[in-house]
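Reading through the structure tokens given below for one structure.
The values are calculated or read from the model by the stated rules, or taken from the named source; none is laboratory data. Values in this document were obtained by computation on a predicted structure and should not be read as measured data. Virtual Cβ from ideal backbone geometry, glycine too; neighbours counted across all protein chains shown. With ligands, DNA and RNA removed, areas are computed over all heavy atoms of the protein, side chains included. Shrake-Rupley method; radii C 1.70, N 1.55, O 1.52, S 1.80 Å.
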Amino acid sequence: MNIEIIGYGLAQAEKCVTNLDLSKSVDTNDAWIQERTGIKQRYFSVAKNTSDLASEAALMAIQDAQIDPKTIDLILVATITPDGMMPSVASLVQAKCGLNAQTCLSYDINAACTGFVVAMQNAQAMLEAGYVSNALVIGAETLSKILDFKDRTTSVLFGDGAGAIIMRRSSSKKMFHYLRSEGDLTGVLTSDGLSLNPEMVFDQSSTHYLRMQGQAVFRFAVKAIEDVLVNLLNKQDLKVDQIDWIVPHQANRRIIEYVANKMNIELTKFYLNLDQYGNTSSASIPIALSEMRTKGLLKEGMRVICVGFGAGLTWGGSYFES
Ligand code: UT7
């Protein structure tokens, strides 16, 4: 069955923080961050939690799709930084956006930076099975909550934000996915949860800071992107020249340059906005898509491949026709 995206939205966090701003509190500098990553600035949330950013992006996508909000019967939020353990961010979005149709189902997905494409695949499966008619699919993060601002190797890389799309069945537009994961216990990319509490006492010692072995993730990322592109193209017997846009998870410009060079793909085929947002994990792909929509870069019938990769380890991609 065919699937189309009919609406796009995004939400920026309130506070724009430049590399220079960060260098006042962390031992870093603008030149290092730009040369090693391509990031110039990022947005950090001051008062908006993940569900607030997600709701803002959702309302923009609903308006863009020009559909009756009551017809949304599935809300999926990809996130690793929910407002709390429960309820899900998706349930909070449902309440905050007034999407309380009796038939609506909402839940979160955690597949780290691959989360958004996993959510797209889940939505497609629900649409194809006939369980739902209009799926609101969101990637939303407030990563500043889990950044250790004493750690220059991670705190300069990430940002907050949200992006959203609306998906429904289509008569002609194709969508398909390729998703993989490989369980990792070596701590390549982690953020701890709450500690076990065998003595049943109050204990605040648990740390949730994001920790990353940057070079190991870099090596994994370049292999993962190539694996996704090769498999998605082979699945439909497509050549990369037939793809109009590749929208990668926005982690590091050098990762994309490496892949483009290795696979002999023009760098201009990759949509990059990490200079403005940094790495927003689950939110990076839908923010990029919404920005492209607003700029008129997603023209009717264009072929697009999104690629995610991150903690888990997880990686995967989605092909769709705009
Ligand atoms: O969304 C999940 C996916 N995440 C990713 O894809 C991230 C993948 N990894 C990367 O993007 C890169 O590995 C990083 C950007 C994280 C790091 O770049 P790198 O070229 O691998 O740098 P490095 O870790 O080898 O560090 C080089 C030097 C070190 O100093 P010494 O040991 O050579 O003296 C670091 O201490 O740069 C130093 N360094 C910094 N210097 C200034 C590390 N962070 C900073 C910093 N500012 N922020």
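Calculated on the alpha-carbon coordinates, the convex hull of the chain measures out at 140 cubic angstrom per residue. Of interest is the spacing of the C-alpha centroids, which for segment 293-310 and segment 98-153 amounts to 18 Å. Contact order for segment 118-171, expressed relative to its length and based on alpha carbon pairs under 8 Å spaced 6+ residues apart, stands at 42 percent. If you wrap the tightest convex hull around every Cα atom of segment 23-161 and split its volume per residue, you get 121 Å³.
By a 1.4 Å probe calculation restricted to protein chains, TYR107 has an accessible surface near 60 Å², given to the nearest 10.
For LYS24, a cut-off of 28 angstrom between C-alpha atoms picks up these lysines, skipping any fewer than 8 places away in its own chain: LYS15, LYS40, LYS48, LYS145, LYS150.
Could you give the distance between the Cα centres of segment 1-74 and segment 164-219, to the whole Å? Taking the Cα centre of each part, segment 1-74 and segment 164-219 sit 18 Å apart. Sorting the segments 220-232, 127-139 by their residues' average number of neighbouring beta-carbon atoms within 10 angstrom, most packed first, yields 127-139, 220-232.
Our summary gives the chain a relative contact order of 26 percent, counting only alpha carbon pairs under 8 angstrom and 6 or more residues apart.
Restriction of the trypsin sites (Lys or Arg not before Pro) in segment 16-113 to DSSP coil positions whose beta-carbon has at most 13 other beta-carbons within 10 angstrom yields LYS24. The accessible area of PHE116, taken with all protein chains in place and a 1.4 Å probe, comes to roughly 0 Å².
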